[in-house]
Amino acid sequence: MNFELDLVELAVVETVEKLAREVIQPRAQHYDETETFCAESLQALAELGGMSINLPEEYGGLGIGSLAMSRVVEAVAGACASTASALTAHFLATDSILIGGTEAQKQHWLPRAASGELLGAFALTEPAAGSNPADMRCRAHREEGGWRVRGSKHYITNAREAGFIVLYAKTDADAGHKGISAFMIPQGTAGISFSSPEKTMGLRGSTIYELALDCWLPDSALLGSEGAGFNTAMAVLDRGRVEVAAMSLGIANAALQASLNWVRERQIGPKPLAAYQGTQWRLADMYAQLEAARMLTWKAAARRDSGERFSLDSATAKLVAAECAGFVTDAALQLHGGYGYIRDLPLERYVRDARILRIFEGTSEVQKIIISRNLLDAQR
């Protein structure tokens, strides 16, 4: 596979990498410590077109490929994982419109989302329906001129800050996953209440909420066609898993680079920590796992752009990269010893931020189910 970027894509990646170093990274600790939403970093990205990198040019996007997009997400995550989480949640929402919406809906919503005028949220998960969306209990019933939506959603990133929410609900309770539809909910819609931001272990600058819904929506709020929501959501999650893999690379790479700097500077007796074989072997393991994860992520990104089915590739990349991030961040903290456990350094934040990567967009266990089913189906 060709992993080369064209000149436009390379310019986008290098511009965002510079922004990540100079603007986003200096704010990361503040967002974490104060548990405040990363609005300023998202605005800085929006000014460079960073909120649109998943969209084609006809809807206000930059029109870059998924490999370049993955490198942008990696750069942002390495600087501030909270910002990357809010950004990729926005992509889940806009991908829902891109994949499942009518042309009129794409023209209405996507250019404003691409410019950063509107932030998106993706409301699929429920308290009793996490890994299996077909079990969702949120219902949308037809009423004259529209829909009555009742239910709840949980762990919804950006929900209160969003200019719109893409909501998935059952429109036919007896049809299983074929009875799920998607709806556009503009900010300010009556009948929606939000919990206080959840007190999370990591990603503390990327707020998540529980939603309670008892709202009326017009017919025009139905995204695409009735009953198409499940297929839209699954296609969106395939794309999103590549982005989670890229987030994993960013956090893991930040931890590895911090470790390389540390072991050169830290003196243990007469020698730097880097001089000891135990340190060298640990660094080698960290690097090898990160490079393996990076190649799988880039392969999944390339497959995403090919037009071929890439569920197996995205699940494999997400599984390996998320597990890699957990290993590398923990190893990095261990190399820093007691210093790594103190909040003055970002190591403990890397560990906390990386932990959710094995859970959201489908747990590692769910990725294994997807992988095994693909392998078994291929042999029938």
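Computed from Cα atoms, the angle from the helix 103-115 axis to the main principal axis of the chain rounds to 30 degrees. Qualifying trypsin sites (Lys or Arg not before Pro) in the range 196-253, where qualification requires a DSSP coil assignment and no more than 10 other C-beta atoms within 10 Å, comprise Lys199.
Backbone amide hydrogens, once placed in the peptide plane, bring Cys138 within less than 5 Å of Ser152, Lys170, excluding anything fewer than 5 places away on its chain. Residue by residue, the range 326-339 carries 3J(HN,Hα) couplings of x, 5, 5, 5, 5, 5, 5, 4, 4, 5, 7, x, x, 4 Hz when phi is fed to the Karplus relation 6.51 cos²θ - 1.76 cosθ + 1.60 (θ = phi - 60°); x denotes Gly or Pro. For the residues Leu67, Leu203, Leu19, a GNM of the chain with alpha-carbon springs under 10 Å puts the largest fluctuation on Leu19.
With θ taken as phi - 60° and the Karplus curve 6.51 cos²θ - 1.76 cosθ + 1.60 applied, the whole-hertz 3J(HN,Hα) list for the range 170-177 is 7, 9, 9, 5, 9, 9, x, 5 Hz, x standing for glycine and proline.
Under a Gaussian network description of the chain, with springs only between Cα atoms under 10 Å, the residue in Cys80, Cys324, Cys215 that fluctuates furthest is Cys215.
Counted by Cβ distance under 10 Å from Ala75, the other residues give a net charge of 0, where Lys and Arg count +1 and Asp and Glu count -1.
With Cα atoms defining each centre, the range 73-106 and the range 270-320 are spaced 23 Å apart in the structure.
Per-residue ellipticity at 222 nm, computed for the chain from helices alone with -39500 (n - 2.57) per DSSP H run of at least four residues, works out to -17500 deg cm²/dmol.
Taking Gln277, Gln334, Gln257 in turn, the Gaussian network model of the chain (Cα-Cα springs below 10 Å) assigns the largest fluctuation to Gln277. Placing unit charges on each Cβ (+1 for Lys and Arg, -1 for Asp and Glu) gives the chain a dipole about its Cα centre, and among Gly224, Val76, Leu5 the Cα reaching farthest toward its positive end belongs to Val76.
Sorted from greatest to least, the principal axis extents spanned by the alpha carbons of the range 7-118 come out as 42, 33, 19 Å. Summarising the amide proton neighbourhood of Leu223: residues at separation of 5 or more, or on other chains, whose placed amide H is nearer than 5 Å comprise Ala182, Phe183, Met184. Legend: distances between Cα atoms for Lys106/Lys153; Lys18/Lys199; Lys153/Lys178; Lys153/Lys199; Lys178/Lys368; pairs beyond 26 Å are Lys18/Lys199. Projected onto its three principal axes, the C-alpha set of the chain covers 80, 51, 42 Å, listed from the longest axis down. Derived scalar couplings between HN and Hα for the range 19-32 equal 4, 4, 5, 8, 10, 6, 4, x, 9, 4, 5, 5, 4, 5 Hz in order, rounded to whole Hz, by the Karplus curve 6.51 cos²θ - 1.76 cosθ + 1.60 (θ = phi - 60°), x for Gly and Pro.
Only the coordinates and a few stated rules stand behind these numbers; no lab work does. Here the structure is a predicted model, which is why all the values come from computation and not from measurement. Cβ atoms come from the backbone with ideal geometry, glycine included; neighbour counts cover every protein chain shown.
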